[in-house]
Amino acid sequence: MSDLLPPAKLSHIAAKMQEGDAATRVLSPEGFAASRAEITQWEGYAPTPLVSLATLAAEIGVGEILYKDEGPRFGLGSFKALGGSYAALRVLQREISARRGEEVSLADIRMGKYAEDCAAITLVSATDGNHGRSLAWGCQRFGAPCRIYIHAEVSEGRAEAMRELGADVIRIKGDYDESVDLAKSEAEENGWFVVSDTSWPGYSEPPRDVMAGYGVMTQEICDALDKAPTHVFLQGGVGGLAAGVVAGLRQYWGKEGPRVVIVEPELAACLFESARNGEATNFAIQEETLMAGLSCGEPSAMAWEVLAEEASDFLTMPENIVAPTVRLLARPLKGDTAIEAGESAIAGLAALIAARQDVDLSAKLGLDGQSRVLLIGSEGVTDPAIFAQIMEGKDAL
């Protein structure tokens, strides 16, 4: 086990979990059911694989590793295909219903009944790549104009993927949080509609719909299992993925649900700092992480409501184990399935392996030979050029 990854020091906080009902109040069972009813009707829908990495599990000394591979999702390569596009459809539904003075259905919008209305409603968002690609794909399907704001470090490959889906892509010189601010201000000036995966005061419905869409993935996982995992390691970002998955698991498994461990790059640790302070806390990003989709300094307030009550542990991980974990998945131990994953997909796996190399941390996390660990492989190869460089042995880009 010692040579699977380079030595890595993880930072750990055992959270002071708050009491409450956020797992059903912020994200209701009805909201999850509505997203499933719609998304499972979309052309190209199919559950993504839940892969057991049995050889790796035995090697690091846990009972089971289950990896939900979101690479095949709708041909977009990411779980975010479930969120941004569904939230876009819901924004269109609310706005068209308001303009017409009558409730219109998601299905009718999807089938093109309100094409002229959609063409007059511009949807915008900031992104590190995958959320914007999902929004652009949804806008292309539903016939709405789309503007995507990206920061300086977003790869040109990811930008081009959004352009190919019909989006106008605007690159700024600043970081992700500055791109969020510009998207908000220009939308307000022009009468456009922001479809963000993060919430702020006075803005909650689209990010709630984004997280509801992620519930489709969680339900697929639960349907495939006969008992709950003991642990789930979830990558951070603004917290939307983690909150959506955690709420879905809690609603399905109740008190038998898994222990929730949040993993972030040490270069973008807004949820870790939030756990340290006991409230949503911004993190000043000084250097971009290789895990581009997790380079977020400002947590989603709505997501934090859920995580403050449901997450027991918060970890940060160094950059030196990102690329080796991508390679480990693509060139697996004998008997395990080869998985081509993007940089942000492997955070949970990298942290799990590194934790098992640390006896004290393993004990703090309750990891042992009986642990059954769920991981979300949140993206496949969403940037082939970066993936190729990693596979060539380049650990920093």
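The values are calculated or read from the model by the stated rules, or taken from the named source; none is laboratory data. Quick caveat: nothing in here was measured; it's all calculated off a predicted structure. For neighbour counting, all protein chains shown are included, and Cβ atoms are generated from backbone atoms with ideal geometry for every residue, glycine included. Heavy atoms of the whole protein, side chains included, go into the accessibility calculation; ligands, DNA and RNA do not. Shrake-Rupley method; radii C 1.70, N 1.55, O 1.52, S 1.80 Å.
Scanning the stretch 309-345 for residues that are closer than 15 Å to GLY240 by Cα and open to solvent by 10 Å² or more (accessible area, probe 1.4 Å) gives GLU309, GLU310.
If the condition is being open to solvent by 30 Å² or more (accessible area, probe 1.4 Å) and among the β-branched types (Val, Ile, Thr), then the stretch 5-34 contributes only THR24. Every listed requirement among (1) within 16 Å of the chain's Cα centre (by Cα); (2) farther than 21 Å from VAL381 by Cβ is met by ALA152 save one, (1).
Screening GLY377 with (1) more than 20 Å from VAL238 (Cβ to Cβ); (2) open to solvent by less than 40 Å² (accessible area, probe 1.4 Å); (3) not basic (Lys, Arg) gives one miss only, at (1).
Evaluate the stretch 47-64: report whether one residue or more is over 17 Å from LEU374 (Cβ atoms), open to solvent by less than 60 Å² (accessible area, probe 1.4 Å) and under 21 Å from the mean Cα position of the chain (by Cα). No - not one qualifying residue is present in the stretch 47-64. Just so you know, in the stretch 154-185 the residues that are surrounded by 17 or more Cβ atoms within 10 Å (Cβ to Cβ) and of a type in the set (S, T, N, Q) include one that is modelled with the highest pLDDT, and it is SER179.
Residues that are surrounded by fewer than 24 Cβ atoms within 10 Å (Cβ to Cβ) and part of a helix (DSSP H, G or I) within the stretch 276-307 comprise ARG276, ASN277, ALA301, GLU305, listed in sequence order.
Looking across the stretch 187-201, the residues that are open to solvent by 40 Å² or more (accessible area, probe 1.4 Å) and within 20 Å of VAL238 (Cβ to Cβ) come down to PHE193, TRP200, PRO201.
When the residues of the stretch 261-275 are filtered to those that are without any contact (Cβ under 8 Å) to a residue 60 or more places away in the chain and not in a loop (DSSP other than H, G, I, E, B), the one that is surrounded by the fewest Cβ atoms within 10 Å (Cβ to Cβ) is GLU273.
Among residues that are open to solvent by less than 10 Å² (accessible area, probe 1.4 Å), touching a Gly at 6+ places or on another chain (Cβ under 8 Å) and assigned to a loop (DSSP other than H, G, I, E, B), GLY237 is included.
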